[in-house]
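Participant: Encoded as structure tokens, here's the structure I'll be asking about.
The values are calculated or read from the model by the stated rules, or taken from the named source; none is laboratory data. Worth saying up front: this structure is predicted, and the values here are computed from it rather than measured. Using ideal geometry, Cβ is built from the backbone for each residue, glycine included, and neighbour counts are taken over all protein chains shown.
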Amino acid sequence: MTTTATHTDHDTIPERVLCVAFALRETSWKLGLTTGHGHKPRERSMAARHRAGGLQEIAPAKKRCGLPESASVVSCDEAGREGCWLHRFLQAQGIRNHGGDSASIEVNRRKRRATSDGLDVRKLVSMLIRFHHGAGDVWRVGHVPTVEAEDGRHLHRDLETLKQERARTTTRIKGLLRSQGVRLTS
């Protein structure tokens with residue numbers, strides 16, 4: 001005798017969403033777009049900080065994955081010195097964004113690991129899928145400060161940069177003067 005299991009509770013079927021991972025670099029960004037595990041991510045490159053370019057990739061990715069235009073989108077990026085403007089922009093577009101703390105992203109520490117934008121974006125999209133399906137221990141979600149608090153941090157960082165530049169320039173000038181036989185007493 002065989003028995004078949006029937007599922008009557010439709011609430012257990014997870015909503016199909018488009019998962020978008022951003023691998024951010026100085027001059028270019030790499031996007032990974034997929035609907036879940038078992039689906040190879042669609043990878044796209046774009047110019048860094050090109051807001052419209054990222055949004056333009058979402059509609060074709062939804063169509064390619066068989067999602068309706070109204071399907072939800074979740075995204076992630078490594079929270080870092082780029083700031084939180086991308087997070088705020090994506091939230092304003094109705095995209096749920098998670099800024100993963102880069103120090104909490106899992107890596108194999110026993111061996112050297114190859115790195116490239118493609119590998120990074122595939123790793124991020126895989127972690128986003130796991131996080132979206134309830135694995136809360138995948139990474140620590142970074143805290144998004146207010147605009148004022150973020151501006152305050154930038155002022156502090158700018159001051160530190162200027163102090164380092166001043167020290168570097170002073171040392172260089174003193175070295176050039178010494179090479180010409182000029183001694184400074186201070």
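Participant: What residue, of LEU177, LEU128, LEU155, LEU162, is surrounded by 11 or more Cβ atoms within 10 Å (Cβ to Cβ), out of contact with any helix residue (DSSP H, G or I) (no Cβ under 9 Å at 6 or more places or on another chain) and over 18 Å from CYS19 (Cα atoms)?
Facilitator: Going through LEU177, LEU128, LEU155, LEU162 in turn, just one is surrounded by 11 or more Cβ atoms within 10 Å (Cβ to Cβ), out of contact with any helix residue (DSSP H, G or I) (no Cβ under 9 Å at 6 or more places or on another chain) and over 18 Å from CYS19 (Cα atoms): LEU177.
Participant: Of all residues being among the small types (Gly, Ala, Ser) and part of a helix (DSSP H, G or I) in the stretch 127-186, which is farthest from GLY38 (Cα to Cα)? Just the residue, please.
Facilitator: Looking at the filtered set, the residue picked out is SER179.
Participant: Hey, among GLY36, GLY53, which residue is closer than 16 Å to LEU86 by Cα and either over 13 Å from the mean Cα position of the chain (by Cα) or loosely packed, with under 12 Cβ neighbours inside 10 Å (or both)?
Facilitator: GLY53
Participant: So, one more: Could you give every pair whose Cβ atoms fall below 8 Å, whose first residue belongs to the stretch 65-79 and is closer than 27 Å to ALA48 by Cβ, and whose second residue is assigned to a strand (DSSP E or B) and of a type in the set (Val, Ile, Thr), counting only separations of at least 6 or pairs across chains?
Facilitator: CYS65/THR34; VAL73/VAL20; VAL74/VAL20; SER75/VAL20; CYS76/VAL20
Participant: I'm trying to understand the selection: among the residues of the stretch 18-57, which are in contact (Cβ under 8 Å) with a residue 40 or more places away in the chain and either of a type in the set (Asp, Glu) or not assigned by TED's automatic domain parsing to the domain that holds SER70 (or both)?
Facilitator: The one that is in contact (Cβ under 8 Å) with a residue 40 or more places away in the chain and either of a type in the set (Asp, Glu) or not assigned by TED's automatic domain parsing to the domain that holds SER70 (or both): GLU43.
Participant: Also, I was wondering about something else. When the stretch 148-186 is examined, which residues are found to be in contact (Cβ under 8 Å) with a residue 24 or more places away in the chain and either in the same structural domain as GLY99 (by TED's automatic domain parsing) or over 30 Å from CYS84 (Cα atoms) (or both)?
Facilitator: Passing the criteria: none in range.
Here is a yes/no grid of residues against (1) modelled with pLDDT of 90 or more; (2) within 30 Å of LEU124 (Cα to Cα):
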residue	(1), (2)
PRO145	no, yes
GLU148	no, yes
GLY152	no, yes
LEU162	yes, no
GLU165	yes, no
ILE173	yes, no
LEU176	yes, no
GLN180	yes, no
ARG183	no, no
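Participant: Please go through the stretch 84-101 and give me each residue that is farther than 15 Å from LEU24 by Cα and among the charged types (D, E, K, R), ordered by number.
Facilitator: ARG88, ARG96
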